[in-house]
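First the structure, which I've put down as structure tokens, then a few questions once you've had a look.
The values are calculated or read from the model by the stated rules, or taken from the named source; none is laboratory data. The structure displayed is predicted, hence computed values, not measured ones. Don't worry about glycine lacking a Cβ; one is built from the backbone with ideal geometry, like all the others, and counts go over all protein chains shown.
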Amino acid sequence: MPADLLVVGFGNPGSEYAGSRHNVGAEVVALLASRHGGSLKKGKHKALAGDVRIGGVPVALAFPQTYYNESGQAVVQLAKWHDIDDPRQIVVVHDELDLPVGRLKVKVGGGLAGNNGLKSVKAHLHTDDFVRVRIGVGKPPGRTQGVDHVLKKPTKAERTELDIVIQEAADAVELIATAGADRAMERYNQRNGDPD
């Protein structure tokens, strides 16, 4: 089932993780499915997956059903299934501790910032040249460990900001699909501060 773009939203499966900071990527993919008349169904590739068209472009959407840190298992299977061999045709949407809550950045390749989900994708694809849509969830307060921070639900004020940035992240994916990652980086990175 060929697709021009594979969009993978990171998160952990299971109702206890729904709405957590770690699952914002999965929320973006669900939003894209509903915007474009698709649905995410359990498939054989360790993911909830669905196919939509965005501006006429065939796009595969997926939320891996492995745990977050093993996301690469699903990504490599889905890429094969959809005949995707260029890593720039893979977009990973994920939470980012290094960005303030509600900030959005689009990035191609580069460092993995200690994100184990990204490390897993790199290990399975043997490259880090895939596209990332990074959603800021902020650094944990005080001595809280990053892992505890991302597995918890955001505060009410943060949730309001995240709901807005999730819409923006879906817009950014649509722009990547129709105009390319460079165009999305121009639009979203400048709007959200210095490009990096």
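Any idea which of 93, 52 is at pLDDT 95 or above and touching a helix residue (DSSP H, G or I) at 6+ places or on another chain (Cβ under 6 Å)? First the steps, then the outcome.
Values: 52 fails: touching a helix residue (DSSP H, G or I) at 6+ places or on another chain (Cβ under 6 Å).
Result: 93 is the single residue among 93, 52 that is at pLDDT 95 or above and touching a helix residue (DSSP H, G or I) at 6+ places or on another chain (Cβ under 6 Å).
Mind checking whether some residue in segment 154-176 is in contact with a His (Cβ under 8 Å, 6 or more places away or on another chain), among the aliphatic types (A, V, I, L, M) and under 15 Å from residue 22 (Cα atoms)?
We begin by selecting, within segment 154-176, every residue in contact with a His (Cβ under 8 Å, 6 or more places away or on another chain); these are none.
No: zero hits.
Follow-up. Report those strands (runs of 3 or more DSSP E) wholly inside segment 1-97 carrying at least 2 residues which are more than 11 Å from the chain's Cα centre (by Cα) and within 20 Å of residue 130 (Cα to Cα).
Details: elements: 5-9, 47-54, 57-64, 90-96.
In segment 1-97, 47-54, 57-64 are the strands (runs of 3 or more DSSP E) which contain 2 or more residues that are more than 11 Å from the chain's Cα centre (by Cα) and within 20 Å of residue 130 (Cα to Cα).
Shifting gears a bit: Scan segment 130-162 residue by residue and report those that are acidic (Asp, Glu) and more than 17 Å from residue 10 (Cα to Cα). First the steps, then the outcome.
Taking segment 130-162 and keeping what is acidic (Asp, Glu), we get 148, 158, 161.
Listed by number, the residues that qualify are 158, 161.
Can I ask one more? In segment 89-119, which residues are closer than 17 Å to residue 170 by Cα and of a type in the set (Lys, Arg)?
103, 105, 107
Return the residues of segment 12-29 that are within 19 Å of residue 96 (Cβ to Cβ) and either without any contact (Cβ under 8 Å) to a residue 40 or more places away in the chain or in contact with a Gly (Cβ under 9 Å, 6 or more places away or on another chain) (or both); say none if nothing qualifies. Reasoning before the result, please.
So in segment 12-29, the residues within 19 Å of residue 96 (Cβ to Cβ) come out as 12, 17, 19-29.
Correct list: 17, 20, 21, 22, 23, 24, 25, 26, 27, 28, 29.
Quick check, is residue 83 at positive phi and of a type in the set (D, E, K, R)?
Working: at positive phi: yes; of a type in the set (D, E, K, R): yes.
Considered against the rule, which asks whether it is at positive phi and of a type in the set (D, E, K, R), residue 83 comes out as yes.
Here's a follow-up. Looking only at segment 55-99, how many residues end up being in contact (Cβ under 8 Å) with a residue 60 or more places away in the chain, buried (at least 22 other Cβ atoms within 10 Å of the Cβ) and out of contact with any strand residue (DSSP E or B) (no Cβ under 8 Å at 6 or more places or on another chain)?
Looking only at that region, the number is 0.
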